[in-house]
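Working notes for the structure below.
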Amino acid sequence: MELLLPDDPAPLWSDIGSKLRAQIKRPRREGVTVDAGGANLLAAFYSVFARNMRDLGTPVYPKRFFLRILELFPDQAFIVTVKHRGRPVAAAFLLGWQDRLEIPWASSIREYNRIGVNMLLYWEALCAAIERGYRCFDFGRSSVDSGTYRFKRQWGARPVPLYWYYWLPPGKSLPNLTPDNPKYQLAIRLWQRLPVAVTNLLGPSLVKNLP
């Protein structure tokens with residue numbers, strides 16, 4: 001899902017419509033703050049990201065993975081965080097290349113989504129992209145008509161098809177590597193019940209082996 005960006009946030013603010021604008025404004029009334037930066041925000045980002053990954057039932061990447069990206073790409077990688085009364089409640093890790101900015105990792109604490117922290121996070125990420133001179137915002141991939149697809153579509157993003165090619169042994173069928181696969185469900189439910197501290201400890205050694 002991709003969105004071509006204007007030179008200024010004002011046209012985008014007008015294009016997204018009154019309903020989305022109201023959702024973006026609400027967190028401000030709840031006393032949230034927004035910051036953009038680098039390694040100084042890594043701990044805040046990771047606290048939100050790791051909890052969200054646990055809630056999804058997926059092992060988390062190690063914190064040093066993100067730190068290394070920030071070190072190697074200081075001009076292309078940055079973090080945006082949203083805090084409620086000083087607590088990180090939404091965060092995004094963004095990575096740019098040429099005229100494109102991608103948001104490969106974004107998370108929010110579910111109980112705070114009721115006040116729209118995720119909406120404010122994406123709006124601030126879009127504004128940051130425009131301010132840095134990017135021309136295209138890459139929301140990442142989504143299955144057509146899924147919840148994430150509709151979320152990205154409301155910002156004006158357009159779908160761009162992606163194609164996967166598999167080279168299968170004779171007589172083998174296409175594998176189902178999605179979280180909906182029943183054989184993954186037990187592992188996902190067990191992971192969701194673990195404390196975040198435990199998933200942070202075990203996750204990095206497991207995630208590198210996942211397809």
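Okay, here's what the table says:
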item	result
Among the residues listed as Val60, Val48, the single one being at pLDDT 95 or above and either within 15 Å of Cys127 (Cα to Cα) or not small (Gly, Ala, Ser) (or both)	Val48
Thr178 being at pLDDT 85 or above and of a type in the set (Val, Ile, Thr)	no
Which numbered condition Asn200 misses (of (1) under 15 Å from Leu56 (Cα atoms); (2) in a loop (DSSP other than H, G, I, E, B); (3) polar (S, T, N, Q))	(2)
Filtered residues of segment 122-144 (kept if of a type in the set (A, V, I, L, M, F, W, C), out of contact with any strand residue (DSSP E or B) (no Cβ under 8 Å at 6 or more places or on another chain) and farther than 26 Å from Ala22 by Cβ)	Val144
Neighbours by Cβ (under 6 Å, 6+ apart or cross-chain): first from segment 190-207, over 20 Å from Arg64 (Cα atoms); second surrounded by 14 or more Cβ atoms within 10 Å (Cβ to Cβ) and modelled with pLDDT of 85 or more	Trp191/Gly57; Gln192/Gly57
Matching residues, segment 171-199, being of a type in the set (A, V, I, L, M) and under 18 Å from Asn52 (Cβ atoms)	Ala187, Ile188, Leu190, Leu194, Val196, Ala197, Val198
Pair list, Cβ < 7 Å and 6+ apart or interchain, from segment 145-167 residues that are over 28 Å from Lys19 (Cα atoms) to residues that are not basic (Lys, Arg)	Tyr166/Leu174
Near pairs, Cβ below 8 angstrom, 6+ apart or cross-chain, from segment 71-86 (without any contact (Cβ under 8 Å) to a residue 60 or more places away in the chain) to any residue that is among the hydroxyl-bearing types (Ser, Thr, Tyr) and crowded, with 22+ Cβ neighbours inside 10 Å	Val82/Ser108
Helices (runs of 4 or more DSSP H) lying entirely in segment 107-196 (those with 1 or more residues that are surrounded by 11 or more Cβ atoms within 10 Å (Cβ to Cβ), over 18 Å from the mean Cα position of the chain (by Cα) and polar (S, T, N, Q))	182-192
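The values are calculated or read from the model by the stated rules, or taken from the named source; none is laboratory data. Please read all numbers here as calculations on a predicted model, not as lab measurements. Neighbour counts run over all protein chains shown; Cβ positions are idealised from the backbone, glycine included.
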